[in-house]
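Data first, discussion second: the structure below is written as structure tokens.
Every number in this text was worked out from the coordinates using simple rules, so none of it is lab data. Nothing here was measured: the structure is a model prediction, and the numbers come from that model. Every residue, glycine as well, gets a Cβ built from its backbone with ideal geometry; the counts of neighbours run over all protein chains shown.
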Amino acid sequence: MNIFMYNNNGTNIPNIGFYICHCGHNIAGMVDVTDVQKYAASLPGVTVSRDYKYMCSDPGQELIQKDIKEFGLNRIVVASCSPLLHEHTFRVATEKAGLNPYFFHMVNIRENVSWVTQDFKEATKKAKDLVRAAISRVFFHKPLIKKEVPINPDVLVLGGGIAGIHAALTIANAGKKVYLVEREATIGGHMAMFDKTFPTLDCAACILTPKMSAVKSHPNITLWTYSEVEKIEGFVGNYKATVLRKPRYVIEELCVGCMDCIDACIYKEAKYSDEFNLGLSMRKPIYIPFPQATPQVVLIDPETCIDFKSHRCKKTCIDICDREAIDLKQTAKYDEINVGTVILTTGFKTFDAKRAPQYGYGKFPNVFTSLELERMVNASGPTSGEVITRDGKKPAKVGIVHCVGSRDEKSNKWCSKVCCMYSLKLAHLIKEHTDAEVYNFYIDMRTPGKGYEEFYDKLMNEGVNFIRGRVAEITDWALVAEEENKLTIRVEDTLVGVVRRIPVDMVVLSVGLEPREDASDISRMFNISCSNEGFFLERHPKLAPVSTFTDGIFIAGACQGPKDIPESVAQAGAAAAEALSLICAGTIELEPNTASIIEEFCSGCKSCITLCPYTAILYNEDTKKACINEVLCKGCGTCVASCPSGSIIQNMFEDEQIYGEIEGLLKFAGIELADNKTEGKEIEHA
Amino acid sequence: MKYIYYPGCSLKSTGRLYEESLLAVFRVLKIDYVELNDWNCCGATAYMAIDENQAYVLAARNLAIAEEQLKDEKEVNIVAPCSACYMILLKTQKFLKENPAEQKKVKLALKESGLTYTGNAKIRHPLDVLVNDIGEKEISKAVKNPLTNLNVAAYYGCQTVRPYSTFDDQRNPVFMDRLLKAAGANIVDWSMKTRCCGSSLTGTIQEVALPLSYVILHEAKKRRADVITTACSLCQFNLECYQNDIDKKFKTDLKIDVVYFTQLLGLALGIDHVELGIQRLFAKPVNIFKILKGDEHIYV
């Protein structure tokens, strides 16, 4: 192979500058940087070889720029950290010195070498191998031009809980258009189900419903409830989403929410489990989730509506509706929207308490989940705010069990973060509603937050009992007479060091927060990652907490991990700001690592077209050849590898470049450059 | 499929009736079994507590012999009816799998007597075999005298499903319930399925053990159970033999039959009570016969 063949940029001979970074002790502590620097100097084509304490620092970058000008360097290789961190930094530095940024190449000797071994000698050897490969590769680099495409200023927000509501309003208030898509018939999410919020005990509905109606009436927000995103394609700045609008059998634009139809329904008694109240109350086949539902529109459940089952209903609902809003023949429809950025605020689900059978949920009627109790203490809830057992009595003793489905090797290992605080809030509300004796069973009380510890203090003064210990089981069997017909909580009181049996009338299980069942489907659809536990993965846990590894897709709220209302709102604001900063930039640069087709070799077999995951390849009927849309191409390389005639090439991953790298990695090709001699080279040790 | 039957010490002595009834049921259901050659004590909890290494060798020896004995079969299935044996064999297999260094030592020790241990044998509980391999459908087909009107409280004890078994739920096991339901019994729903019976403390510290047995019997009685079925010789003994003491101490009148689940299943399958070892029970199983047959003279 003639290695000079592809040297462009005006010179025939590669003139390489090599730089190795100490990264403080991160690299220099495990790799002999001076040795590598000297070794690199001996390699063909290398004109300058230096080591420096922090290459990413301003002086480090200036070093490269100075050398480019002074020595006429036309290739730059930096051995330092991961390209994810500083590839951009060095490319910009290279470009500023007048060299095409794609003549720069980065070698990762930190994550791939120094951080993953204890063997100094081997580490130095591996660093040398990688450096040799990179230097061998850059011989074949070519100048590339970045493409700029405009950003669509519209934003898709997926999920209408408090996070989605806040993100949508923030962006809409900035004058940008938002599509808010919510799966349920109303926005509001979990927050709409709560009665009071900790630690201030302000009413959840009072602070949420104004924001809900603001969403509904905002001219910049298109609110689509009872809808789901079915498909998303495109890339940052230019996404196309297909939204499924499920039929609610009521025309949303006509319904005013008078609810006459609900009264008129031929079912006189509500007899179907009410989803919003978690089955604690009943609803009719035609219903509205809750009084402040937004939009204020009824819907019909085809599973229970008699007309859908037998087609023999008198259809009294249609008769009574003078606005003719009810349409039993409505069908699902699909809307396509174009957006530039997406914010995912799909929220969480609560742990299914049946997965902890020792607590008897689903077996003993008076074992409730915390969410059920939230509904119960709510004045508009199934019991109008009364805390009562299933047989309608006020409980004299209530036990609240913390960490159900949290901090548990058998189910979920993580702390759900909000349960300690909401358990305190529920303890306060139960005492307020019933005068019952309340016991909190906790492993550790976790109350970090503004005013949270003070709230815990307040509860202790209110006379709530706190017992430290994970509850072993909740049983209905009796050891002594007082336990007959009660639920007995068995727990080791770890502060006293005894096993206690506490008979109560009602048990509240403080269930933890989990990713939604379909979180992994959503992550696949939007091409983002999930962490081990299944929550959406942020780009960086500290420095990019609402970004994802896919540009233009942001996450906020409990879909990223358990968090309370203030944190969800803060993240939603952050995600909105990130989206706005992209939108305000107006355009986005695309990486030039795209594939292209050498037309004269293409046989038009179309095998690449079906393989492309980004539908970037089209078949040109006139020329009978495939052609690649550079804007859609992500540079995954699938088509390149699959092309039977080898007629697809990919920028930055051309065969010569890959072969060069492999050859260098195995053993340097052994080709001597005419003017390549170690003497007279600039070798400097910083 | 052929099973290796590993009786363990108690099924040859105090739990003889468990062995008799189990094997009788196996024969009726045409389960092909062969007793493990030259088996030894599983080590139980006692040996484990004194010298783990030697205890593992002891338990692994049984597994190695089983492998040798069934080397022509596709897979080696060992049926261990005693809860302690079952648990110890599973524990040994798991421990040796997770600790290659220990496994090496054990293999070396077994090699001295010409045995090889691979860890591939499947350790099975009779409940697992009856429900998963035979199935409730087959069993109800084979039932001749359905256990109609008999209220049964299925009691599993602590070691049958915990901590190593995988065939049933560890907190709310249901296999015995399913089996006896297939035999026509009414199954009592209760929370005591896996609670401790008092174990060997009945012989040493009775003030601890008796309350433990008491709650089990009391709850069964409260839920109108006529009979408690067990899968462990110690549970069976504790629950059956201390009812008088408990009655005195807690001022109750228990009178509940306590039998092995295989005995009850055997009766349903039409096996003669002598073959099932019913006559070896210390207390007469009054309720069973009153409800099932209306006569009591079958007692030998």
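Things worth noting here:
- Over the residues of chain A, the helix contribution to mean residue ellipticity at 222 nm works out to -8000 deg cm²/dmol, using -39500 (n - 2.57) for each DSSP H run of at least 4.
- Spatial separation of Cα centroids for the range A:440-518 and the range A:540-554, in angstrom: 37
- Assigned charges on the beta-carbon of Lys, Arg, Asp, Glu; the range B:21-140 dipole about Cα centre (debye): 220
- Estimated inter-spin distance, residue A:53 and residue B:149, nm [label 7 Å along Cα→Cβ]: 9.5
- Three semi-axes of the equivalent ellipsoid, the range A:386-522, Cα gyration tensor, whole Å, largest first: 25, 19, 17
- Counted by neighbouring Cβ atoms within 10 Å, the residues B:4, B:256, B:134, A:145 run from fewest to most as A:145, B:134, B:256, B:4.
- Two-site label geometry, residue B:290 and residue A:111: point separation in nm, points 7 Å out along Cα→Cβ: 7.5
- Along each principal axis, taking the top coordinate minus the bottom one, the Cα set of the range A:490-602 gives 83, 36, 25 Å in descending order.
- Pairwise centroid distance, computed over Cα atoms, of the range A:202-251 with the range A:355-422, Å: 31
- Axial C-alpha extent at least 15 Å, average Kyte-Doolittle at least -1.0 - helices from chain A (DSSP): A:83-96, A:120-138, A:162-173, A:204-217, A:419-434, A:565-585, A:655-666
- FRET efficiency estimate (nearest 0.05) - Cβ-Cβ, residue A:352 to residue A:258, R0 45 angstrom: 0.75
- Remark: C-alpha extents of the range B:1-153 on the principal axes read 54, 34, 26 Å, sorted largest to smallest.
- Length gained on full extension, residue A:472 to residue A:318, computed as 0.36 nm times the residue gap minus the Cα-Cα distance: 50.0 nm.
- For the protein assembly as shown, the C-alpha radius of gyration divided by 2.2 N^0.38 Å, with N the number of residues, is 1.22.
- Computed from label points 7 Å out along Cα-Cβ, the spacing between residue A:390 and residue A:82 is 5.1 nm.
- Equivalent ellipsoid dimensions for the range A:477-529 as semi-axes, Å, which come from the Cα gyration tensor, largest first: 43, 15, 7
- Ranked list, fewest to most other Cβ atoms within 10 Å of each Cβ, for A:433, A:402, A:311, A:166: A:311, A:433, A:166, A:402
- Set of aspartates and glutamates with alpha-carbon distance to residue A:458 below 15 Å, sequence-local pairs under 8 removed: A:432
- Taking every alpha-carbon pair within the range A:222-335, the share separated by more than 25 Å comes to 28 percent.
- Kirkwood-based Rg to Rh ratio, the range A:178-226, C-alpha trace: 1.03
- At q = 0.28, 0.34 Å⁻¹, base-10 log of I(q)/I(0) for the range A:411-455 (Debye sum, equal scatterers on each alpha carbon): -1.09, -1.26
- The range A:146-155 - phi-based ³J(HN,Hα) in whole Hz, Karplus 6.51/-1.76/1.60, Gly and Pro as x: 6, 9, 10, 10, x, 9, 6, x, 7, 10
- Entry note: the range A:147-288 has Rg to Rh equal to 1.03, where both radii use alpha-carbon atoms and Rh is the Kirkwood radius.
- Pairs exceeding 29 Å between alpha-carbon atoms, taken from A:196/A:397; A:126/B:107; A:486/B:251: A:126/B:107.
- Sorted by Cβ density within 10 Å, fewest first, the residues A:125, A:53: A:53, A:125
- Cα gyration tensor shape for the range A:304-413, rounded if a/c is under 1.5, else prolate or oblate: oblate
- Difference of contour (0.36 nm per residue) and Cα-Cα distance, residue A:645 to residue A:173: 164.6 nm
- Calculated on C-alpha atoms, the gyration radius of the range B:164-300 divided by its Kirkwood radius gives an Rg/Rh of 0.95.
- All alpha carbon pair distances within chain B were sorted into 10 Å bins beginning at 0; the resulting P(r) in whole percents reads 6, 28, 34, 21, 9, 1, 0.
- Size of the range A:35-185: Rg and Dmax of its alpha carbons, in Å, are 22.2, 69.
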